[in-house]
Amino acid sequence: MSSLVRFGGRLAGRLRSVTRPQAVVLMVILALCAGVWWSAGTGHQGLALSLVAGLLLAVLLGILHLSRWIGGVHRANQHAHREIRTVVEQMQRRVVATVEKERLTAGDRHQELTRTITRGLRQSGHGTDLLLRAQSREIEALVQLFQHFTPRAPMPSSGDFALNPTDLLELLHLVRLRRPGLVVELGSGTSTVWLAYALEQHGGKLVSLDHDADYARQTRTMLTAHGLTAVAEVRDAPLRELTANGTAYQWYDVDKLTDLTGIDLLLVDGPPAATGPDARYPALSVLAKRLAGTATVVLDDANRQDEREAVRRWTAEVPGLTEEQRLLGRHAVLSYSRTGTPVTV
Ligand SMILES: C[S@@+](CC[C@H](N)C(=O)[O-])C[C@H]1O[C@@H](n2cnc3c(N)ncnc32)[C@H](O)[C@@H]1O
């Protein structure tokens, strides 16, 4: 009984979801069935047979319609399937192409990185090699420097702003050979102490100018510690505007130089490059007339562009000034002769 009720419920559910054309077909079949039942019951066999034939025809047409509908659904399914397959294949191709492109780019990047690392390693190796060689040169120069003097106090450090041991070595070699009576230094520091020791040994005086009062004081303190104040003096010479060959520069106060004549050795190691372009160029515009008949000019940092240009202009503008062959270090040595006869030693 309960299964009959469930069947009835399912049937009622299906009947509720039928479309209008399906309801019409259902009504016609029901009417034909009712007609067959009635005509057979009332003895109208001919009518009953005709209605049965009509019923069969309707069923046949229904089956035909159903098979065509199923065929259409099948074809639509196949079409949709083909479209999905095309879309999937296109996506696959795109994914493969993207992965391949990324792989090639990553390969290129890897190669570039490898080349950069290799180049960096080679350069750092070369840099270390150069540094080691430079260090060896400076150590050799330092050993030679201390063979000539026994300092009476700890020597200030060379390097940084100070002259390198190789530069000091050649400078003191020039002092030993040329025996300058008056040395003028532009820019005081470690070199002042070394020069003062050399002049103490060979005779001569040193006047060092410093634009910075603190550094001047430090150098004076070192000279006192080494007992060299009788040989060397440090003068405060703050920077002032100075016009040389029509150009304005910041250079040492020239009033601090008025008593200096007959300079035998001029060391140009200031003002620092940071004070302005071509900072050291005015040195000879001011001091050429204060040089002795034969004199030596040493310019430190001659490997820098501004200093190379200063040497070029000095030798072109000051008659009797010529650049000497370089021996050691990074400075330029120039000899001056008022009569035009170059310094021979
Ligand atoms: C090239 S330094 C002179 C160095 C000196 N002739 C020597 O060999 O020690 C030129 C000027 O720079 C300044 N100076 C020296 N040491 C410095 C430092 N460590 N930092 C900044 N300026 C410095 C001083 O005023 C000095 O006169």
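Brief remarks on what is shown
- The stretch 144-176 and the stretch 184-217 have Cα centres separated by 12 Å.
- When you count the other C-beta atoms within 10 angstrom of each residue and take the mean per peptide, 44-55, 272-283 line up highest first as 272-283, 44-55.
- Here the mean projected area of the convex hull built on the C-alpha positions of the stretch 32-113 is 7.1 nm².
- Measuring how big the stretch 1-148 is from its alpha-carbon positions, Rg and Dmax come out at 46.5, 155 Å.
- Rounded to 0.05, the FRET efficiency of the TRP69 and LEU11 pair, given R0 = 30 Å and the Cβ-Cβ distance, is 0.85.
- Counting only DSSP beta bridges whose two residues both lie in the stretch 224-345, roughly 75 percent are antiparallel.
- Taking the accessible area of the chain, probe 1.4 Å, and keeping the other protein chains in place, the carbon and sulfur fraction comes to 61%.
- For the stretch 73-128 versus the stretch 218-295, the gap between their alpha-carbon centres in whole angstrom: 68
- Remark: the chain carries a charge dipole of roughly 3500 debye about the Cα centre, counting +1 on each Lys and Arg Cβ and -1 on each Asp and Glu Cβ.
- Per residue, the stretch 156-337 exposes 40 Å² of solvent-accessible protein surface, assessed with a 1.4 angstrom probe and all protein chains in place.
- Kirkwood hydrodynamic radius computed over the stretch 122-208 comes to 14.1 Å, based on all pairs of distinct alpha carbons.
- Antiparallel DSSP beta bridges within the chain, as percent of all bridges there, nearest 5: 45
- Per residue, the accessible area of the stretch 1-148 comes to 87 Å², computed with a 1.4 Å probe over protein heavy atoms only.
- Mean silhouette area of the stretch 156-337, derived from the convex hull of its C-alpha atoms and averaged over all directions, reads 9.2 nm².
- Between ALA273 and MET27, the modelled labels are 10.8 nm apart [label points 7 Å from Cα along Cα→Cβ].
- For the chain, averaging the sequence separation of C-alpha pairs within contact (under 8 Å, six or more residues apart) and dividing by the residue count gives a relative contact order of 10 percent.
- Only alpha carbons enter this Debye calculation for the chain, each as an equal point scatterer, and the log10 of I(q)/I(0) it gives at q = 0.08, 0.09, 0.14, 0.16 Å⁻¹ is -0.61, -0.68, -1.14, -1.35.
The values are calculated or read from the model by the stated rules, or taken from the named source; none is laboratory data. Note that the coordinates shown come from a computational prediction; the quantities given were computed from them, not determined experimentally. Every residue, glycine as well, gets a Cβ built from its backbone with ideal geometry; the counts of neighbours run over all protein chains shown. Surface areas here come from the heavy atoms of the whole protein model, side chains and all, with no ligands, DNA or RNA. Shrake-Rupley method; radii C 1.70, N 1.55, O 1.52, S 1.80 Å.
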